[in-house]
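Values quoted throughout were computed directly from the atomic coordinates according to the rules given, and no laboratory measurement underlies them. Values in this document were obtained by computation on a predicted structure and should not be read as measured data. Here Cβ is always computed from backbone atoms with ideal geometry, including for glycine, and neighbour counts include all displayed protein chains.
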Amino acid sequence: MVAVPRHLHASGRLRREAQGAGVVLADGGAPTSGAWRWDDRPGVLAGYYAAADLAFVGGSLGPYGGHNPLEPAACGAAVLTGPHLDAQGPARKVLESAGALEIAAPGAALADALRGLLSDPSRLARQAQASRVAAAEARGATRRAVDRLREWALWPA
């Protein structure tokens, strides 16, 4: 298990919360059995996503808008999130329509979803493959935006 807080300013608070819940944290090297690796360095998230079988995308357990679930999907990880993805509507739609996104409420439902994915390697592999395909099909948003701006005679300015 690796925890990679996206926002450095929140890292200390999240670290204390994890430790308060009894999680043993390791800051470097391979964590001991049962410990979580904690890595709040900027720019490392994609590497972890590429190495992961499953990624839980944060900012989605509370009404914070969620983080982009296409990032781990593009790296080939199966994706699990909480229910609050308000700022991620298009990404959520793409992944849900491909059967590539698992959404669970906080608490027991999230634990059950995590357990279900991790205990079924073929399901996990299917979801990871669906994630990869859906993310590949969603690529090109910048090009589509520039094309639209050109249609409206707004590009180049």
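Note on segment 100-120: residues that are among the β-branched types (Val, Ile, Thr) and over 20 Å from Cys75 (Cα atoms) amount to 0. Tallying residues that are under 18 Å from Gly89 (Cβ atoms), in a loop (DSSP other than H, G, I, E, B) and small (Gly, Ala, Ser) within segment 135-157 yields 1. All of (1) in contact with a Leu (Cβ under 9 Å, 6 or more places away or on another chain); (2) farther than 17 Å from Leu54 by Cα; (3) of a type outside the set (Phe, Trp, Tyr) hold for Glu137 with one exception: (1). For Arg6, the conditions (1) farther than 19 Å from Leu117 by Cβ; (2) touching a Gly at 6+ places or on another chain (Cβ under 8 Å); (3) not in a loop (DSSP other than H, G, I, E, B) are fulfilled apart from (3). For the structure I just gave you, tell me whether Ala130 is assigned to a helix (DSSP H, G or I), closer than 23 Å to Leu14 by Cα and touching a residue at least 12 places away in the same chain (Cβ under 8 Å). No: the conditions fail for Ala130. A search for C-beta distances below 6 Å between a residue of segment 1-16 that is within 8 Å of Trp38 (Cβ to Cβ) and any residue that is exposed (fewer than 14 other Cβ atoms within 10 Å of the Cβ) and of a type outside the set (Val, Ile, Thr), counting only pairs 6+ apart in sequence or on different chains, returns nothing.
Glu151 - would you say it is surrounded by fewer than 16 Cβ atoms within 10 Å (Cβ to Cβ) and under 16 Å from Val57 (Cβ atoms)? It is false that Glu151 is surrounded by fewer than 16 Cβ atoms within 10 Å (Cβ to Cβ) and under 16 Å from Val57 (Cβ atoms). In segment 26-50, the residues that are over 27 Å from Ala125 (Cα atoms) form Cβ pairs under 8 Å with partners that are surrounded by 10 or more Cβ atoms within 10 Å (Cβ to Cβ) and among the aromatic types (Phe, Trp, Tyr), at six or more places apart or across chains, as follows: Ala26/Trp36; Ala26/Trp38; Asp27/Trp38.
Annotation note: of Ser131, Ser119, the sole residue that is exposed (fewer than 10 other Cβ atoms within 10 Å of the Cβ) and among the small types (Gly, Ala, Ser) is Ser119.
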